[in-house]
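Below: one structure, written as structure tokens.
Derivation of every value follows stated rules applied to the coordinates shown; laboratory data play no part. Just so we're clear, the structure is a prediction, and the values are computed from it rather than from any experiment. Using ideal geometry, Cβ is built from the backbone for each residue, glycine included, and neighbour counts are taken over all protein chains shown.
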Amino acid sequence: MSWEPQVVAALKAGGIEMVAYVPDEMTGGVLRLLEADPAFTMVPVTREEEGVAVLAGGYLGGRRGVLILQGSGLGNSINVLASLVVASQIPMLLLISERGRLGEFNPVQVPLGRATPRILEALGIQSFALEDQDDIERTLGGALGLAFGTSMPVAILLTTTLTGGKKPR
């Protein structure tokens, strides 16, 4: 079984209803499965910080959400994560597809990819690397419990060992 259906099942089991996302090749399989499931409200956004704001509003309206983004998009969302979500204790899950790490072919992806865990730590956002599909249910379930139990965002780094990474064309 591929890892994508397990991610969708774990999100559903964790009560996620809203999915904000910037389209991404590495999470494309997950996004297609989520779009096909009527349990999820899909909100495509043009920039990651829009997704953070959409999910913050959804949470204030009683809905749990996940932002699916590429690691390079984390840089776009730093201000809104710090000044809105962390400061106001708005929980959400960030599913971040890793770039700039093992197997990367594009040198411009490396600096932010290397910095991602430290950026999240500096913002006070706990993050967990998901490297093996055998850990998906436990890791996502634990992250969702942590996020919504503590009213804080939590990030899951979808590593290239899990996703296979982005392939050069």
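Taking packing as the residue-averaged number of other Cβ atoms within 10 angstrom, the listed peptides 57-66, 24-33 run from highest to lowest as 24-33, 57-66. Charge dipole (Cα centre; +1 on Lys/Arg Cβ, -1 on Asp/Glu Cβ; no other charges) of segment 1-44 amounts to roughly 100 debye. Amide H contacts of ARG99 (H built 1.01 Å from N, in plane; Pro and chain starts excluded): GLY71, SER72 sit under 5 Å, all sequence-distant by 5 or more or on other chains. Annotation: average projected area of the chain is 8.9 square nanometres, based on the convex hull of Cα atoms across all directions.
Here the label points at ALA39 and ILE78, each 7 Å from Cα along the C-beta direction, are separated by 3.6 nm in the simple model.
Couplings 3J(HN,Hα) for segment 83-98, derived from phi with the Karplus relation 6.51 cos²θ - 1.76 cosθ + 1.60 (θ = phi - 60°), are 8, 10, 6, 5, 4, 9, 6, 9, x, 6, 9, 10, 9, 10, 6, 6 Hz, where x marks Gly and Pro. When peptides 138-144, 84-90, 67-73 are sorted by average Cβ neighbour count within 10 Å, with the highest value leading, the order is 67-73, 138-144, 84-90.
When the chain is fully extended, how far beyond the present Cα-Cα distance does ALA9 get from SER151, taking 0.36 nm per residue of separation?
Values: separation 142, 0.36 × 142 = 51.12 nm, distance 2.22 nm.
That works out to 48.9 nm of additional length.
Multiplying the residue separation of THR161 and ARG32 by 0.36 nm and subtracting their alpha-carbon distance yields 44.4 nm. Counting every Cα pair in segment 46-106, what percent are over 14 Å apart? Looking at segment 46-106, the distances longer than 14 Å represent 56 percent of pairs.
Let me check I've understood the local charge: for SER2, count other residues with C-beta under 14 angstrom from its C-beta, Lys and Arg +1, Asp and Glu -1. What total comes out? Intermediate values should be presented prior to the final figure.
On the way: positive: ARG32; negative: GLU4, ASP132, ASP134.
Neighbour charge sum, excluding SER2 itself: -2.
Please report the relative contact order for segment 3-163, taking Cα pairs under 8 Å with a sequence separation of at least 6, and give it as a percent rounded to a whole number.
25 percent
If each residue of separation counts as 0.36 nm, what is the full-extension length gain between LEU60 and ALA87 once their alpha-carbon separation is subtracted?
Working: separation 27, 0.36 × 27 = 9.72 nm, distance 1.44 nm.
Taking 0.36 nm per residue and subtracting the Cα distance, the gain is 8.3 nm.
When the Cα gyration tensor is reduced to axis lengths a ≥ b ≥ c, the ratio a/c is 1.5 or higher for segment 1-95, and with a/b not above b/c it is classed as oblate.
Quick one: net charge around THR159, please, counting Lys, Arg +1 and Asp, Glu -1 for every other residue with C-beta under 10 Å from its C-beta.
Numbers: positive: ARG101; negative: GLU98, GLU131, ASP132.
Net charge around THR159: -2.
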